[in-house]
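The values are calculated or read from the model by the stated rules, or taken from the named source; none is laboratory data. No experiment lies behind these values; they were computed from the predicted model shown. Every residue, glycine among them, receives a Cβ derived from its backbone with ideal geometry; neighbour counts consider all protein chains shown. Ligands, DNA and RNA are stripped out before the accessible areas are found, and what is left, the full protein with its side chains, is counted by its heavy atoms. Shrake-Rupley method; radii C 1.70, N 1.55, O 1.52, S 1.80 Å.
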Amino acid sequence: MTFEAIRIIRADHPSLPGHFPDTPLVPGVVILDEVIAALAEWRQNSHLNGIRIVKFLAPLQPEQAFTISLSLRNEHGAELNFCCRAEERIIVEGQLEVTWAAE
């Protein structure tokens, strides 16, 4: 089971002015916040327990669209893989540990 969402971090995001002035890059924590928001959008009954692994592989520019892909890692759904791509290039990948509330 997989889910995808497209996101854009706007140039006026409050974290950008202090993150490499004159050549802003989107901070990793802002990207991870969008991954967690995509998880909540996909599975509203989910609870993030932790981020097991995260690898930042390429920078993300403000106003650059990126796609978040989430996929179940095992049959119990306690672990998810995630990947963020911008222009067909992987920028972030990792694993989330989650629990699901009873519906």
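Data overview
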item: Rounded, prolate or oblate (a/c below 1.5 giving rounded, otherwise prolate when a/b exceeds b/c) for region 1-50 by Cα gyration tensor; result: prolate
item: 0 to 90° range, to nearest 10: angle between helix 28-42 axis and the chain longest Cα axis; result: 40 degrees
item: Radius of gyration and maximum dimension Dmax of the chain, Cα, Å; result: 14.1, 48
item: Heavy-atom SASA rank of 33, 12, 22 (probe 1.4 Å, accessible area, largest first); result: 22, 12, 33
item: Trypsin sites (Lys or Arg not before Pro) within region 1-63, DSSP loop, no more than 15 other Cβ atoms inside 10 Å; result: 10
item: Accessible area of the chain belonging to carbon and sulfur atoms, whole % at 1.4 Å probe; result: 51 percent
item: Amide H contacts under 5 Å for residue 52, placed H, 5+ residues apart; result: 95, 96, 97
item: Potential extension, residue 90-residue 20 segment - 0.36 nm per residue separation minus Cα distance; result: 23.1 nm
item: Distance between modelled label sites at residue 65 and residue 99, nm, 7 Å Cα→Cβ extension; result: 3.8 nm
item: Segment residue 53-residue 3, length gained on full extension (0.36 nm per residue, minus Cα span); result: 16.1 nm
item: Å² per residue, accessible surface of the chain at 1.4 Å; result: 60 Å²
item: Lys/Arg +1, Asp/Glu -1 at C-beta; the chain dipole; positive extreme among 84, 44, 3; result: 84
